[in-house]
Structure formats: structure tokens, C-alpha cells
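J.: Let me begin by handing over the structure; questions about it come next.
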Amino acid sequence: MGDEWTAIAKVYDPLKAGSIDGTDDRPHDRGVQRAMLAKYKPRKAQLDGDPDCTLFVSRLNPDTDERSLLKAFQKYGDIVTVTVVRDIVTGFSKCYGFVEFKKEKSAIRARQDAHEDVVDERVLFVDWEFSRSLPGWVPRRLGGGFGGQKESGQLRFGGRDRPFKKPINLHHKGSYQPRDVRGYADNEDRHKHRDRYDEGRRDKDRYQSRDRDKDRERDSRDKERERDTYRDRDRDRDKDRDRDTYRDRDRDRDKDRDRDRDKDRDRDRDKDRDRYRDRDRVKEWIKNEKDEDREKDERRKDRGGRY
């Protein structure tokens, strides 16, 4: 970075790109070490146009193709080529590409205006193509690059996405104070930093302990709620079982009642049948008796009144 501090790197240095203010003198992650040892050469087959007229476009939608990029960038000027980088095996988009303009002023305008435009529901990141325009460039896949996610623990500074922060002990004229190997100007600065670090760590431990207590209480409440839920389910299941039992009993009782009613009905019917049968028998007997008396009377008349 030299004596003059700038937020955007003019020469790519993996060691400085790994530092938030560009002042580190030791690599803080393995990616920086890998980038420092890397020997990168851009592929001529992929980029062979004018680097001053070529833009790097990333954070694309996986479905975005060259036609969509051309439609989004052609309003800034005449375009020479549009490329979406794809996996050589699967053919799927790697979600970044390059746009080469015919004139440099068109590229400058597109870099300024197209940055953070929305294409296919994705917010674009637009910057210069650095592989040929920034000395010492190392791409992200080799541990370099710019930007990155906080979760990865491998942020890279000095680019448009994450510019360098101003060093704390920077002179007003723009030159650095002498620093020891860890970046501290003197022992007092080191002790202040250590005290702030210890205080921050104590606060962090306190908050973590409080968070753990909250998590335990939340887990306990969740377990109790789950236990109550299962208890309610068992209670409802027992109620349903008792209800079914009573319903079965009532059903059996109704069946028995219907069966007894049918039996009584059959019994009454049999009695009535026997009664009618006896009545018919009596009627027949009476009729037979009358017939016999009539025959006797006729026989007596025939004998002249003698028996």
C-alpha cells in the first residue's frame, strides 16, 4: 500500500487483503497463506479482450444466461462479448460472468450505474475485471479475491465490496507511525488494546452465559410443554377409549333389549296362536256336537218318535 493510504487496493497483496486496514504482517488464515504461495495466470481462452473495457459481474441467478446479461447491459453502450462462466462438467452456471464493452467510457458508466441492479430477482455486483488489470491479482479459489462472507472467516478487503478501513494510529498527513510486529505503536497502545480485548471477552462470556441460561430455560419450557402435550394426548386417548367402551356397552345393552323384546313378541305370538288354535278346536267340537244332535233328531223322527 505504500505511505499513501487508500481504501481501494492499487496493487493486490494477499497479506494486506486479509487485513481490515491493510496493515497485517502475518497471515491470519490458511487461505491467505495459500494465496501468498499461488502463481496465477489468467486464462487467455476465457478473457482475451481489452481489460480496461471488461467488467466482472457476480451474484447472478443460476438461471441467468448471456441473453439476460446482454439485455441488462446493452443500454450503457456497444457490447463486444458477454460470458457466463459455467462448470466444465455439469454445464451449470457458477453465478458470475464478464461483459466487454467496445468503449472504455461505456464500461465506466456501466460499473457505476449497473452495480446493485436487479436481474432475475438477484442484486448484481459489478466491478472491474482484475485478473489482468490489477497487478498481483489472485482469485478467490486460490485464497485471494475480494469480499467474502463473515461466516467463512476469510474476508478479503481492499475492493469495492469491502474497502480498507482507516488504520487507528494514522497520522493526519497520511503516513504510518512506527509499529511493532503486531501493529502497535507503543506499549501503552498495546496495553490499552489488551484491556479492551479482556473487557470485550468478559462481556462476551457474560452474554454467552446469559444466552446459555436462556437456552436452558427455553429447553426446559419446551420439554414441559411437550410433556403436557403428551399428557393431554394420553388423557384424550383415555377419554376416547372410555367413550368407546360406554358406547359399546350401550350398544350391547340395546341389542339385549331388542333381543328380549323379540323373544317376548315371539312368545306372545305363540300364545295367541295356541289360543286361536284352542278356540278353533272348541268351535269344531261344538259343531260336531250339534251335528250329532241333529242326526239324532232326524233318526228319531224317522222311527216315529221312538229312540
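The values are calculated or read from the model by the stated rules, or taken from the named source; none is laboratory data. This one's a predicted model, so the numbers in the text were calculated from it and none came from an experiment. Heads up, the Cβs are rebuilt from the backbone with ideal geometry, glycines too, and the neighbour counts pull from every protein chain shown. Side chains included, ligands, DNA and RNA excluded: accessible areas come from the protein's heavy atoms. Shrake-Rupley method; radii C 1.70, N 1.55, O 1.52, S 1.80 Å.
J.: Please identify the pairs in which a residue from region 100-118 that is under 14 Å from VAL57 (Cβ atoms) has its Cβ atom under 8 Å from the Cβ atom of a residue that is β-branched (Val, Ile, Thr) and open to solvent by 50 Å² or more (accessible area, probe 1.4 Å), counting only partners at least 6 apart or on another chain.
T.: Close Cβ pairs satisfying both conditions: GLU100/VAL80; GLU100/THR81; PHE101/VAL80; GLU116/VAL123; ASP117/VAL123.
J.: Taking the criterion of being more than 27 Å from GLY18 (Cβ to Cβ), of a type in the set (S, T, N, Q) and surrounded by fewer than 15 Cβ atoms within 10 Å (Cβ to Cβ), would at least one residue in region 49-69 satisfy it?
T.: So far as region 49-69 goes, no, none of its residues is more than 27 Å from GLY18 (Cβ to Cβ), of a type in the set (S, T, N, Q) and surrounded by fewer than 15 Cβ atoms within 10 Å (Cβ to Cβ).
J.: Moving on to the next point. Filtering region 143-158 down to residues that are farther than 14 Å from LEU15 by Cβ and not in a loop (DSSP other than H, G, I, E, B), which residue is farthest from the chain's Cα centre (by Cα)?
T.: GLY147
J.: So, LYS94, is that one basic (Lys, Arg), over 25 Å from the mean Cα position of the chain (by Cα) and not in a loop (DSSP other than H, G, I, E, B) or not?
T.: No.
J.: For region 30-44: of the residues being open to solvent by less than 90 Å² (accessible area, probe 1.4 Å) and in a loop (DSSP other than H, G, I, E, B), which is farthest from LYS165 (Cα to Cα)?
T.: Per the stated criteria, the residue is PRO42.
J.: Do we find that PRO27 is closer than 27 Å to ASP87 by Cα and either open to solvent by 90 Å² or more (accessible area, probe 1.4 Å) or more than 35 Å from the chain's Cα centre (by Cα) (or both) in this structure?
T.: Taking the combined requirement at face value, the residue does not satisfy it.
J.: Here is a further query. Going through region 126-151 one residue at a time, which ones are touching a Leu at 6+ places or on another chain (Cβ under 9 Å) and free of Cβ contacts under 8 Å to residues at least 40 places away in the same chain?
T.: GLY147, GLY148, GLN149
J.: Output yes when any residue across region 208-227 is hydroxyl-bearing (Ser, Thr, Tyr), open to solvent by 80 Å² or more (accessible area, probe 1.4 Å) and in a helix (DSSP H, G or I), and no when none is.
T.: Looking for residues that are hydroxyl-bearing (Ser, Thr, Tyr), open to solvent by 80 Å² or more (accessible area, probe 1.4 Å) and in a helix (DSSP H, G or I), one finds none in region 208-227, hence no.
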